[in-house]
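Report on the following structure.
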Amino acid sequence: MTAQELNVVGQSVPRRDGLGHVTGKTVYIDDISFPDTLYLKMVRSPIHHGIIRGIDFSEAEKVPGFVRALTWKDVPKNIYTILCLIGVGPDDEPVLAQDKVLWQGEQIAAILAESEAAATEAADKVRLDLEELPAVFDVEEALKPGAPILKPWGTNYFVYDYEHGQSNAFRKVRYGDVQRGFDQADYIVEERYTTSPIEHAPTETTGCIVRPEPNGRYTVYTNTQALFFSLDNSALILQAPFQNLHFVGGTVGGGFGGKVDVIVEPIAILAAMKTGRPVKYRYTRQEEMRISSTRAAWRLYYKDGVMKDGRIIARQVISYHDAGAYNRHSPYAVTKHAANLSGPYNIPNVHIDAHCVYTNRQPSSAMRGFGVTPASFAVEVQMDRIAELVGMDPWEIRFLNAYRNGDMRPHQKEVEDATLIEVMQAAAEMTGHDLPANLKAMSSWDKEAQHG
Amino acid sequence: MASRIVEFTLNGRLTEVMVKPLTTVQTVLREQLGYTATKSGCKQGGCGSCTVLVDGQPMMSCLLPAEDIAGQDVVTLEGLTPRDGLHPLQQAFVDNYAAQCGYCTSGMILVGKALLDSNPEPLRDDIIDALAGNYCRCTAYEPIIEAIQDAAGRMAASNGKEAHR
């Protein structure tokens, strides 16, 4: 390749899909239709926690256009967890609820009908016999003795069991001696931070349409953000050869992380397998808000040991991630979170317990930087509080504590890609903030150019 | 209640459809006639992705009964697209990177069309007011506003007038 061809960086390149978007020719999954399509609607739990005593389809079956219902007994491998692909386990979530429900909205049975209206009406007419159980909605309440237990392994937390052969009730980071740091510190700064769930609310709701092909394969037109991840999980759930599933996607009407769980495809493929007909399963706007995963709620307790000159010498964080009822991407979120609780700062003594907690809430999962954003929020508010306490400029305290290349991070990873100092210098310049000469002279690569 | 025939003009062509009572214009366009540039984001008048022009006015087709458009002039994004090339609004959306996922784009362009037809030299606040009913979840409002301003300039220039921006 000649240098002449390498000319994209620094240029604005026209979007590959731009002409399709502005003419309305881009094909989203809802724009695809096939004759003889069946519509899938879910029967969902009206309660937060309970035992399923029975399901009565007799009134639903009378609805004109009703074709059939699917329950967990129809699903080859009903209990799954999507991150099994990277070794996370055990499986914890049913495709269709078996003996109990853990959140209001959980899918219990799938209804297939000749029209969307008939499927909706039939799903409404399914009678559920449920025995309601006490529910828990708070991460710290869920970890107390006597809380309703949601998981078959007897706890309400994800077990991190692949750390040095140990079983841990939380993601643990230990670095230096945090107690000694607190003893030496001039100040102790303690704070509690919380964040709320956020729904991605893509303009196009989650969905797929599945068509059985004459050669025995199934073509799955889906708006997933994770095409092969969804294919692999669907094949495992359906115990089907991977090559029998052909996933077609890439056009996503807004995702933001909200379309990386594997929820609509496996059951729609199963429905197509059972009926031999194309099947469409697309969330309503209400389902997108109430059923699809959210960004998690977090609660973080920070305790920092700080010197009079503004240096942070010890940090202890206990944090709680509300996974809702099931894993999805939560165990991974907590691991990312734990690695980022010290922020881009060099702190010699760190102690972190990050809990992945189950509650009877709508499951949370991926969303733009999930796990990291609540850490950044808490870290930076904490920096401002510390600056105020020691009477230091908020810029200066960040330069003073900034990590640099060659520093060790609390999770035992040497910093190789630090640019915090350079980014702050550029930000100061762009905002017209005049930095003192000593901060302007600092560098992520040159540790000799010390602050002060 | 019985179905009935509704006659209207769609993108300049006289069109007849047989509709059940309370069938929406969105359903007629997308499911009966196959005009899928009109999107379906919420079916409750909340997102604006299904916007069409009815006698030049932007309307959310998911809330509009098909019987109400009898005898009226309906324009969708398909109708705005010339046989060759693009409408200046479409070109401005491309050039200003005003489409990201694309799901709101159809509605945004049609709202822009209605605005520029009635107000060829809109102020920034006029554009913001016009877009108030249309969600973009990729947070691309700034490029959309810029695209509509840009299109206003192009259309004014092509009309032989000096562009005011």
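Listing for the model above:
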| read-out | value |
| --- | --- |
| Buried on assembly, region A:21-60 (at least 20 Å² less accessible surface than by itself, 1.4 Å probe) | A:His21, A:Val22, A:Thr23, A:Gly24, A:Tyr28, A:Asp30, A:Asp31 |
| Cβ-placed point charges (K, R +1; D, E -1), dipole of the protein assembly as shown about Cα centre in debye, nearest 20 | 1200 |
| Ellipsoid semi-axes in whole angstrom, largest first, where each is sqrt(5λ) of the Cα gyration tensor of region B:64-121 | 23, 14, 12 |
| Signed unit charges on C-beta, dipole axis of region A:22-129, positive-most listed residue A:Leu83, A:Pro94, A:Gly50 | A:Gly50 |
| Average partner coverage of A:201-210, which counts Cβ from other chains inside 10 Å | 4 |
| Accessible area of chain A divided out per residue, in Å², using a probe of 1.4 angstrom | 43 |
| P(r) histogram, all alpha-carbon pairs of region A:53-160 included - 5 Å bins from 0, percent | 2, 10, 17, 17, 18, 13, 10, 8, 4, 1, 0 |
| For chain B, built as a Gaussian network whose Cα springs stay under 10 Å, the top-fluctuating residue of B:Asp95, B:Asp125, B:Asp150 | B:Asp125 |
| Cα-based Rg of region A:146-188 normalised by 2.2 N^0.38 Å, two decimals | 1.76 |
| Above-threshold pairs, the threshold being 19 Å between Cα atoms, out of A:Lys125/A:Lys274; A:Lys25/B:Lys43; B:Lys39/B:Lys113; A:Lys100/A:Lys151; A:Lys172/A:Lys336 | A:Lys125/A:Lys274; A:Lys25/B:Lys43 |
| Proximal charge balance of A:Tyr80 [Cβ under 13 Å; K/R count +1, D/E count -1] | -4 |
| Residue mean of other protein chain beta carbons inside 10 Å, A:254-263 | 2 |
| Alpha carbon convex hull of the protein assembly as shown, volume per residue in cubic angstrom | 211 |
| For the pair B and A, total buried accessible area rounded to nearest 100 Å², probe 1.4 Å | 2200 |
| Solvent exposure, largest accessible area first (probe 1.4 Å, DNA, RNA and ligands not counted), of B:Glu121, A:Glu204, A:Glu132, A:Glu199 | A:Glu132, B:Glu121, A:Glu199, A:Glu204 |
| Alpha carbon convex hull of region A:105-194, projected area averaged over orientations, nm² | 11.6 |
| Protein accessible area in region B:4-79, 1.4 Å probe - carbon and sulfur % | 49 |
| Electrostatic dipole magnitude of region A:223-297 [Cβ: Lys, Arg +1; Asp, Glu -1; Cα centre; debye, to 20] | 260 |
| Heavy-atom accessible area per residue - region B:4-79, 1.4 Å, Å² | 43 |
| Heavy-atom accessible area ranking, 1.4 Å probe, most first, across B:Asp126, A:Asp353, A:Asp186 | A:Asp186, B:Asp126, A:Asp353 |
| Cα-Cα pairs of region B:4-79 separated by more than 17 Å (percent) | 33 |
| CD proxy at 222 nm, helix term only [per DSSP H run n ≥ 4: -39500 (n - 2.57); per residue of chain B; nearest 500] | -9000 deg cm²/dmol |
| Listed residue (A:Ile149, A:Val173, A:Asn405) projecting farthest to the positive dipole end of chain A, Cβ model | A:Ile149 |
| GNM flexibility winner over chain B from B:Ile69, B:Ile109, B:Ile144 (Cα, springs under 10 Å) | B:Ile69 |
| Whole-angstrom gap from region A:318-355 to region B:1-29, using each part's C-alpha centre | 55 |
| Carbon and sulfur %, accessible surface of region B:88-158 computed with the full protein complex present, 1.4 Å | 51 |
| Amide H contacts of A:Asn223 (H built 1.01 Å from N, under 5 Å, at least 5 apart or other chain) | A:Gly207 |
| Size of electric dipole in region A:158-285: Cβ of Lys, Arg +1 and of Asp, Glu -1, about Cα centre, debye, nearest 20 | 840 |
| Chain B: C-alpha gyration tensor shape, a/c 1.5 cut-off, then a/b vs b/c | prolate |
| Listed peptides A:369-379, A:221-231 by packing density, highest first (mean Cβ within 10 Å) | A:221-231, A:369-379 |
| Shielding by partners, peptide B:91-102 (average Cβ within 10 angstrom, other chains) | 6 |
| Over region A:168-295 - Rg/Rh using Cα atoms and the Kirkwood inverse-distance radius | 1.25 |
| Charge dipole of region B:88-158 about the Cα centre (unit charges at C-beta), most positive-ward option of B:Gly102, B:Leu115, B:Gln90 | B:Gly102 |
| Accessible-area value, A:Asp393, 1.4 Å probe, nucleic acids and ligands omitted, Å² | 60 |
| Whole-angstrom Cα spans of region B:88-158 along principal axes, big to small | 31, 23, 16 |
| Sequence-separation-based contact order of chain A, relative, with Cα cut under 8 Å and 6+ spacing, percent | 17 |
| Helix-only mean residue ellipticity at 222 nm for chain A, each DSSP H run of n ≥ 4 adding -39500 (n - 2.57), per residue, nearest 500 | -7000 deg cm²/dmol |
| Gained length - A:Asp138 relative to A:Tyr187, 0.36 nm times residue gap less alpha-carbon distance | 14.5 nm |
| Computed over region A:233-328, the ratio Rg/Rh where both radii use C-alpha atoms and Rh is Kirkwood | 1.22 |
| Max mean-square fluctuation residue, GNM over chain B, Cα-Cα springs under 10 Å, options B:Lys20, B:Lys43, B:Lys113 | B:Lys20 |
| Where B:Arg13, B:Arg154 fall by accessible area, highest first, once all protein chains stay in place (1.4 Å) | B:Arg13, B:Arg154 |
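The values are calculated or read from the model by the stated rules, or taken from the named source; none is laboratory data. The model shown is predicted, which means the values in this text are computed figures rather than measured ones. Don't worry about glycine lacking a Cβ; one is built from the backbone with ideal geometry, like all the others, and counts go over all protein chains shown. All accessible areas refer to the heavy atoms of the entire protein, side chains included, with ligands and DNA or RNA removed. Shrake-Rupley method; radii C 1.70, N 1.55, O 1.52, S 1.80 Å.
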